[in-house]
Amino acid sequence: ETGVTQTPRHLVMGMTNKKSLKCEQHLGHNAMYWYKQSAKKPLELMFVYSLEERVENNSVPSRFSPECPNSSHLFLHLHTLQPEDSALYLCASSQEGVAGGNTDTQYFGPGTRLTVL
Amino acid sequence: DQQVKQNSPSLSVQEGRISILNCDYTNSMFDYFLWYKKYPAEGPTFLISISSIKDKNEDGRFTVFLNKSAKHLSLHIVPSQPGDSAVYFCAATPSNSNSGYALNFGKGTSLLVTP
């Protein structure tokens, strides 16, 4: 499935840097998600946007700031991160968003491997 | 506190045999379950799902079984093929999004199918 793309694929940053992760979906979906996968841990939901409106923020620290300018694009702005934030960050999208409940299939991008030094 | 558990980090099966991947959950609000498959350097891809109103769902070589009383589900792959070698993630969620939107994932089981 190549309908969800993420850039960059790899990112190394210092704790004082500011960077952004980008996700784009070409599937015409209404909802987009950010997930984090740390080593030896399951995927954890960070944020959900439905029709460009944030509908869930899963107790994520403010050093992670999402932005959804339209239904096809999702950003994750990063600033003053910590080494423990090093992880694989995955973006996903689904067709219906809020209206679809939780049975809507989510399509994932390939992820951005982030390393914080 | 992990609500979805995949207790086997890895599994090795011979080509042509059955692969059985197991998953346990603790939250009785979960009524929709999914399996995702992940190859290296790719994102997870949806494989098969099951609603709690059923105890079995089949799609080609893949069958998911759900035992609600035991809070257990399993994925059967028959016959297994080398291309099935990947990490398999179990996920569970309440179907009603009033409880939130999280898909709760297990840590994954790495399946290796040997020729």
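The values are calculated or read from the model by the stated rules, or taken from the named source; none is laboratory data. Values in this document were obtained by computation on a predicted structure and should not be read as measured data. All Cβ positions, even for glycine, are placed from backbone atoms using ideal geometry, and neighbour counts span all protein chains on display. Ligands, DNA and RNA are stripped out before the accessible areas are found, and what is left, the full protein with its side chains, is counted by its heavy atoms. Shrake-Rupley method; radii C 1.70, N 1.55, O 1.52, S 1.80 Å.
Given the condition touching a residue at least 24 places away in the same chain (Cβ under 8 Å), under 19 Å from B:Phe105 (Cα atoms) and over 13 Å from the mean Cα position of the chain (by Cα), answer yes or no: does some residue in the stretch B:18-26 qualify? Looking through the stretch B:18-26, at least one residue is touching a residue at least 24 places away in the same chain (Cβ under 8 Å), under 19 Å from B:Phe105 (Cα atoms) and over 13 Å from the mean Cα position of the chain (by Cα). Just give me the residues in the stretch B:40-66 being more than 26 Å from A:Trp34 (Cα to Cα), open to solvent by less than 70 Å² (accessible area, probe 1.4 Å) and touching a residue at least 12 places away in the same chain (Cβ under 8 Å), in sequence order. The answer is B:Ser52, B:Arg61, B:Phe62, B:Thr63, B:Val64, B:Leu66. Taken together, A:Leu78, A:Leu114 contain a single residue that is assigned to a strand (DSSP E or B), at pLDDT 95 or above and within 20 Å of A:Pro42 (Cα to Cα), which is A:Leu114.
The one condition from (1) free of Cβ contacts under 8 Å to residues at least 24 places away in the same chain; (2) more than 10 Å from chain B (Cβ to nearest Cβ); (3) closer than 19 Å to B:Thr45 by Cβ that A:Ser62 does not meet is (3).
Scanning the stretch B:10-32 for residues that are at pLDDT 95 or above and within 14 Å of chain A (Cβ to nearest Cβ), which turns out surrounded by the most Cβ atoms within 10 Å (Cβ to Cβ)? Result: B:Cys23. Quick check on A:Thr105: is it surrounded by fewer than 22 Cβ atoms within 10 Å (Cβ to Cβ), at pLDDT below 90 and not aromatic (Phe, Trp, Tyr)? Yes. Please specify each residue of the stretch A:86-115 satisfying the condition of being away from chain B (no Cβ under 14 Å) and out of contact with any Phe, Trp or Tyr (no Cβ under 8 Å at 6 or more places or on another chain). Result: A:Ser86, A:Thr115. Scanning the stretch B:39-74 for residues that are more than 13 Å from chain A (Cβ to nearest Cβ) and of a type in the set (Phe, Trp, Tyr) returns B:Phe62, B:Phe65.
Residue count for the stretch B:75-98, restricted to those that are surrounded by 14 or more Cβ atoms within 10 Å (Cβ to Cβ) and either within 13 Å of another protein chain (Cβ to nearest Cβ) or aromatic (Phe, Trp, Tyr) (or both): 10.
Scanning the stretch A:1-20 for residues that are in a strand (DSSP E or B) and either without any contact (Cβ under 8 Å) to a residue 12 or more places away in the chain or farther than 20 Å from B:Pro40 by Cβ (or both) gives A:Met13, A:Lys18, A:Lys19, A:Ser20.
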